[in-house]
Amino acid sequence: MFTRSEWTAARHRCGLEHSLNPEDIMKIHQFTISGNTRPLALLITVLVMGTPGWAHHSFDAEFDRNKKMSVDGTVTKVEWINPHSFIYMDIKDGSGKVTNWAVEGFPVGMARRNGISPSFIKAGDVIHMEGYGSKDGSNRMSGREFTMPDGVKKPFGPPVY
């Protein structure tokens, strides 16, 4: 612990002449470590640390587990962004009309761990994609697995139970 004269000299050297004095700092220190404030500090920590988890959507918030889809199409764009990677595909319907679909997949890190890199799949590749359609009927799906023309299969999203 510093003596009052050592404290004053250190404050003066650092240009802190108008800062708190040692007694005020001890009062703050005693308050922050008291047993009464620990539960509050723990609660605040848990709330702050848990907030990012609440911000992420669940599968069921956007996709319908009863709308299983299996489509063939041509890749138009691949996005390697977090929190999810995307493959955009042109898909022909029964009448021959082409529609661009966004397929949401794994986060980039998980895609890499499953052997998918930005160079693995590229615009122009014709692939088969399996997944689940969106609840709002938009041209989006949650991808589960895709198959390359040479038969190589890769997971693109977690399983749905």
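The values are calculated or read from the model by the stated rules, or taken from the named source; none is laboratory data. In this text the structure is predicted, and so the values were computed from the model without any measurement. A quick note on method: Cβ atoms are made from the backbone with ideal geometry, for glycine too, and the neighbour counts reach across all protein chains shown.
Note on segment 120-133: among residues that are surrounded by fewer than 18 Cβ atoms within 10 Å (Cβ to Cβ) and not acidic (Asp, Glu), the one that is nearest to VAL160 (Cα to Cα) is HIS128.
Rundown of residues vs (1) among the hydrophobic types (A, V, I, L, M, F, W, C); (2) at pLDDT below 70, yes/no style:
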{"position": "ILE25", "(1), (2)": "yes, yes"}
{"position": "ILE28", "(1), (2)": "yes, yes"}
{"position": "PRO52", "(1), (2)": "no, yes"}
{"position": "GLU62", "(1), (2)": "no, no"}
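The residue that is surrounded by the most Cβ atoms within 10 Å (Cβ to Cβ), among those in segment 143-159 that are farther than 15 Å from THR74 by Cβ and free of Cβ contacts under 8 Å to residues at least 24 places away in the same chain, is ARG144. When you scan segment 92-113, do you find a residue that is β-branched (Val, Ile, Thr), assigned by TED's automatic domain parsing to the domain that holds ASP72 and exposed (fewer than 14 other Cβ atoms within 10 Å of the Cβ), even just one? Looking for residues that are β-branched (Val, Ile, Thr), assigned by TED's automatic domain parsing to the domain that holds ASP72 and exposed (fewer than 14 other Cβ atoms within 10 Å of the Cβ), one finds at least one in segment 92-113, hence yes. The numbered conditions (1) modelled with pLDDT of 70 or more; (2) on the phi > 0 side of the Ramachandran plot are all true for ALA111 except (2). Pairs linking a residue in segment 60-80 that is of a type in the set (Ser, Thr, Tyr) to a residue that is not in a strand (DSSP E or B), with Cβ atoms under 9 Å and 6 or more positions apart or on different chains, are THR74/ALA123; THR74/GLY124; THR74/ASP125; THR76/ALA123; THR76/GLY124.
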